[in-house]
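Everything on this sheet refers to the single structure shown next.
The values are calculated or read from the model by the stated rules, or taken from the named source; none is laboratory data. The shown structure was predicted, so the numbers you read here are calculated from the model rather than taken from an experiment. Counting neighbours? That spans all protein chains shown, and the Cβs are built from the backbone with ideal geometry, glycine included.
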Amino acid sequence: MIINRDLAMLRLAKQESKLSDFKQVHMGCCIAIKNNVLSIGCNGEKSNPMQCKFNRFRNFDKPEQVIAKQHSEISALSKLPWYVFENDFNLKRATIYIYREHKDTHTYAMAFPCPACMEAIKQISIGRIVYTIENGIAEMKIA
Ligand SMILES: [Zn+2]
């Protein structure tokens, strides 16, 4: 169920998306546990070694030749603070929020993670994804 807190987090992801320097699409992402934001990120022209690692889960003909420009999810995941990986910190409680809107109408657009980001989200054990879809918001729980 999408609650008010989710909408607030999506607004934060939206703000972050405005910082994107990628021409075609501006996407923003934040990772939070309840009201506590753990990290934020946007997509961009910059490459990211984590993106490079996970791009093999996308079906490129020649993945080694693809420049690993970072997606908003990878940007946020790679900025998670050290303490979430220590002392049995449970990231299953965390939600990753992904925001995308149409350039012209500023209405919600599909922001479901690509196979690379989905694999990264699963490996880091984030428990829930909330993302914009055409004219709406959807969520997905990860077992
Ligand atoms: Zn992606």
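For the range 28-62, the set of residues classified as within 13 Å of the ligand (Cβ to nearest atom) and aliphatic (A, V, I, L, M) consists of 50 only.
Every condition in (1) away from the ligand (no atom under 14 Å from the Cβ); (2) more than 25 Å from residue 143 (Cβ to Cβ); (3) out of contact with any strand residue (DSSP E or B) (no Cβ under 6 Å at 6 or more places or on another chain) holds for residue 25 except the one numbered (1).
When the residues of the range 1-49 are narrowed to those that are β-branched (Val, Ile, Thr) and surrounded by fewer than 23 Cβ atoms within 10 Å (Cβ to Cβ), which ends up farthest from the chain's Cα centre (by Cα)? Among them, the one singled out is 3. Annotation note: Cβ proximity below 7 Å between a residue of the range 110-126 that is crowded, with 16+ Cβ neighbours inside 10 Å and a residue that is hydroxyl-bearing (Ser, Thr, Tyr) and not in a helix (DSSP H, G or I) (sequence gap 6+ or interchain) occurs for 111/99; 111/131; 111/132.
Looking only at the range 111-143, count every residue that is in a loop (DSSP other than H, G, I, E, B), touching a strand residue (DSSP E or B) at 6+ places or on another chain (Cβ under 8 Å) and within 12 Å of the ligand (Cβ to nearest atom) and tell me the total. Even if it seems obvious, please write down each step before you answer.
Pass one, the range 111-143, residues in a loop (DSSP other than H, G, I, E, B): 111-114, 125-127, 134-135, 142-143.
With touching a strand residue (DSSP E or B) at 6+ places or on another chain (Cβ under 8 Å) added as a condition, the list becomes 111-113, 126-127, 134-135, 142.
Still in the running and within 12 Å of the ligand (Cβ to nearest atom): 111-113.
Here the count works out to 3.
Checking each residue in the range 49-74 for being modelled with pLDDT of 85 or more and small (Gly, Ala, Ser) picks out only 72.
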